[in-house]
Amino acid sequence: MQTHFMKDRGVDATSQTANTRPADMLTVPDLIRKKRDGGQLSDDEIKAFIQAVKEKTIQDSQIGAMLMAIWLNGMVSAEIKALTREMMSSGEVMEWPDEWKNFMVDKHSTGGVGDKVSLVLAPALAACGCKVPMISGRGLAHTGGTLDKLESIPGFKVEQSREQILEILDSVGCCIVGQTETLVPADRVLYALRDITGTVDSLPLITSSIISKKGAESLSALVLDVKFGRAAMCKDLESATELAQMLVEAGNGLGIRTAAVLSGMNGSIGRCVGNSVEVIESLETLKGNGPDDLMELVTTQGGLLLVMTGLVSDLSEGRKQISEAVVGGAALSKFQAMMEAQGVNSDTAQRLCTTNTDYYSILRKAKHQLELKAPADGIVLEIDGLVLAQVLHRLGAGRSKAGEPVNHSVGAVLLVSIGQRVTKGVSWLRLHYEDPALTPDQRNHLESALTVGTDKKIQTQQKRTLVEKILPKKYAY
C-alpha cells in the first residue's frame, strides 16, 4: 500500500504511471522516478515533497534518493524557484516594522579562509542606516564559522529569540545570530542528508538552502560573496559564475534585490586565520588598521547593499560611505553596542574596543607559539590558504562533524605578504597551538604553503585585489 502526498480524489492510483497521474496523486516513489528519469517537477509536486519532509511522512532513504536524482539531473530555473520558496515557507518567516522594510540587508559567503568580513560589515552597515539581521553558521571542514569566531569573546551569545533580535535591531541596528529552530526546518533535514548522501555540491540544492534561509529573514537586499580558487568550493571563475547566477536569480525570485561578488580564494583574507586571532584582526580593522584585501571585500559588499537599498546612487559612493564608517569609528561603536546587546559584559566590550588594548587579557591565548622561517631569499609568490586551514583544522580550530567543539585559541598569523621580498631565516608565520605538539608531518605541510621565488610581475605588483566580477553588471558602476 503506497502512501500518497495528498488526499485521494477517487482516481485509481495503480492505473496510472508517474507521467500521467494528476499531481495530487503521485506517490513518493513516483516523484523519485520522475526526477531520476530527467523529468521536471511541478510546483505542486515540489510543495508536496517539502511538506512531507517537514511533517516527517517520508523516509530518510526516500529523501536521499530524491537528493541524488536532483544531483544527477539538476533542476531548471522554475524548479529551483519553487524549491527555494517551499523551503522558506516550511517554517517561520520573520516580520519587521514597516519603517525598516526597505533597509533590511544581509550577506552570505560561500566559505573561505580567514573570512571575517561579517564582523566588520554588519556594524558598518548599521552605522550607514541599514538593519542587519545576520543569521550566520558554524565552521565545518576547513572553512571557519562566524559564530565560532564571535564565541571567542567571553559572554557573546549567538542564540537569540525572535523578540531579542527585534530588540537588538531596534537599539543597535545589527546582530549576528545562529539559525533558530523555527527558521527553515526543511533545510535542516535536507542539509544533514546531503552531507551523508554525497550531494552537498549540487548547485540547485546549494542555492535553495542558502536563499531559503535569507528569504525567511524577509530581506530587502542581499549580497552574496561567491568565492573561487584552491581554498574555495568553486575551483574556477566559470563554476563560481554559474553558482552566482543561480543564487542571484533565486534571490530575485523571492523579491529580494540580490547581487553577487565573485572573489578569489587561493590564500587567506587578511593575515589571521583562526577564531580568536580573526576577532583581533576584525577589531583592528574597525579601529582603522585593516588589511587592504579585507577592506576591499567589506567596502564592495557593503557598497552594493547601500546601492540596492537606495541609500546611495552608485557603488563608488557606497564604498566611500562604508569605508568612512569603518575608518571613522562609527562601525566600532556599533560593534561594541552589539557585543553588549548579545551578552558581553560592558567593561569587556569597552576594553576590546579601546586603542592599544591587550586583547589576550580577555581572549584566550594558545599555550604555544611557533614561528616558521623562510627557506630562501626571494619574493613571496604564494601562501596556500587551503594548506593553512587544513593544518589548523587538525590542530583543533575547526570541526569535522556538526556539534563538535572548537578550540578558539588555535590559529595562525601571517607575518609577510604576497609580493614582499624576504631573506632566508626571516619569520613568515606565527602559529598558535595547544597540546599535543605539532607533528613533523603537520609542520612540513605548513612549510609547503609558502612559495618564494623571483617572479618579476609579483615584485612590481602594488596591490592584491580579490574581487573579480560583480553580478548583475548594472551594480558594478
Task: Counted residues, segment 253-284 - those being β-branched (V, I, T), outside any strand (DSSP E or B) and touching a strand residue (DSSP E or B) at 6+ places or on another chain (Cβ under 8 Å) - done: 3
Open item on the list: Looking at (1) open to solvent by 40 Å² or more (accessible area, probe 1.4 Å); (2) within 24 Å of the chain's Cα centre (by Cα); (3) farther than 23 Å from D115 by Cβ, which one does G343 not meet, given that it meets all the others?
Closed with: (1)
Open item on the list: For L392, only one of the following conditions fails: (1) within 25 Å of the chain's Cα centre (by Cα); (2) assigned to a loop (DSSP other than H, G, I, E, B); (3) within 23 Å of G112 (Cα to Cα). What is its number?
Closed with: (2)
Open item on the list: Looking only at segment 285-298, filter to residues that are assigned to a helix (DSSP H, G or I), open to solvent by 20 Å² or more (accessible area, probe 1.4 Å) and touching a residue at least 12 places away in the same chain (Cβ under 8 Å); which one of those is farthest from G264 (Cα to Cα)?
Closed with: K287
Open item on the list: Condition (residue is touching a Lys or Arg at 6+ places or on another chain (Cβ under 6 Å), at negative phi and modelled with pLDDT of 95 or more) applied to segment 76-99: is it met by at least one residue?
Closed with: yes
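Checking the condition open to solvent by 10 Å² or more (accessible area, probe 1.4 Å) and in contact with a His (Cβ under 8 Å, 6 or more places away or on another chain), which residue from I196, I210 passes?
None of the others qualify; the one that does is I210.
Each row is one residue, and each column tells you yes or no for (1) closer than 24 Å to K227 by Cα; (2) without any contact (Cβ under 8 Å) to a residue 12 or more places away in the chain; (3) open to solvent by 30 Å² or more (accessible area, probe 1.4 Å).
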residue: A397; (1), (2), (3): yes, no, no
residue: E404; (1), (2), (3): no, yes, yes
residue: S409; (1), (2), (3): no, no, no
residue: V413; (1), (2), (3): yes, no, no
Task: Every pair of residues 6+ apart whose Cβ atoms lie under 9 Å, when the first sits in segment 160-172 and is closer than 18 Å to L150 by Cβ and hydroxyl-bearing (S, T, Y) while the second is open to solvent by 20 Å² or more (accessible area, probe 1.4 Å) and not in a helix (DSSP H, G or I) - done: S161/T180
TODO: Restrict the check to segment 110-126 and report whether at least one residue is part of a strand (DSSP E or B), closer than 30 Å to I383 by Cα and open to solvent by 10 Å² or more (accessible area, probe 1.4 Å).
DONE: no
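Could you grab me the full set of residues in segment 352-371 that are farther than 20 Å from T146 by Cα and either touching an Asp or Glu at 6+ places or on another chain (Cβ under 6 Å) or exposed (fewer than 15 other Cβ atoms within 10 Å of the Cβ) (or both)? Talk me through it step by step, then tell me what you get.
Our first condition is that a residue be farther than 20 Å from T146 by Cα; within segment 352-371, this holds for 354-358, 361, 367-371.
T354, T355, N356, D358, S361, K367, H368, Q369, E371, listed by residue number.
Mind checking which residues of segment 299-321 are assigned to a loop (DSSP other than H, G, I, E, B) and either surrounded by fewer than 17 Cβ atoms within 10 Å (Cβ to Cβ) or modelled with pLDDT under 95 (or both)?
So in segment 299-321, the residues assigned to a loop (DSSP other than H, G, I, E, B) come out as 309-314.
Across segment 299-321, the qualifying residues are G310, S313, D314.
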Open item on the list: Looking at segment 157-180, can you tell me whether even one residue there is open to solvent by 10 Å² or more (accessible area, probe 1.4 Å) and under 30 Å from D384 (Cα atoms)?
Closed with: no
- [ ] Identify the residue in segment 419-432 that is open to solvent by less than 30 Å² (accessible area, probe 1.4 Å) and not in a loop (DSSP other than H, G, I, E, B) and, among all such residues, is nearest to N275 (Cα to Cα).
- [x] H432
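Scan the helices (runs of 4 or more DSSP H) fully inside segment 24-102 and keep the ones with 3 or more residues being polar (S, T, N, Q).
Working: elements: 28-36, 43-55, 60-73, 77-88.
The qualifying helices (runs of 4 or more DSSP H) are 60-73.
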Task: Any hit, segment 383-395, residues being open to solvent by less than 40 Å² (accessible area, probe 1.4 Å) and without any contact (Cβ under 8 Å) to a residue 40 or more places away in the chain - done: no
- [ ] Examine segment 307-321 for a residue that is closer than 30 Å to D347 by Cβ and without any contact (Cβ under 8 Å) to a residue 60 or more places away in the chain, and state whether such a residue exists.
- [x] no
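Here's the yes/no breakdown for (1) touching a residue at least 40 places away in the same chain (Cβ under 8 Å); (2) open to solvent by less than 10 Å² (accessible area, probe 1.4 Å); (3) under 23 Å from P133 (Cβ atoms):
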site: R188; (1), (2), (3): no, no, yes
site: V200; (1), (2), (3): no, no, no
site: L203; (1), (2), (3): yes, no, no
site: S218; (1), (2), (3): yes, no, yes
site: A221; (1), (2), (3): yes, yes, yes
site: D225; (1), (2), (3): yes, yes, yes
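I'd like to verify a number: residues in segment 322-335 that are surrounded by fewer than 22 Cβ atoms within 10 Å (Cβ to Cβ) and part of a helix (DSSP H, G or I), how many? Please lay out each step first, then the result.
Within segment 322-335, the subset surrounded by fewer than 22 Cβ atoms within 10 Å (Cβ to Cβ) is 323-324, 327-330, 333.
Next, only the ones that are part of a helix (DSSP H, G or I) stay: 323-324, 327, 330, 333.
Selection size over segment 322-335: 5.
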TODO: Might you check whether a residue that is without any contact (Cβ under 8 Å) to a residue 60 or more places away in the chain, farther than 13 Å from V467 by Cα, of a type in the set (A, V, I, L, M) and surrounded by fewer than 24 Cβ atoms within 10 Å (Cβ to Cβ) occurs anywhere in segment 241-249?
DONE: no
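The values are calculated or read from the model by the stated rules, or taken from the named source; none is laboratory data. This is a predicted model, so every value here is computed, not measured. Ideal geometry is used to build each Cβ from the backbone, glycine not excepted, and the neighbour counts take in all protein chains shown. To get the accessible areas, we keep the full protein, side chains included, count just its heavy atoms, and leave off ligands, DNA and RNA. Shrake-Rupley method; radii C 1.70, N 1.55, O 1.52, S 1.80 Å.
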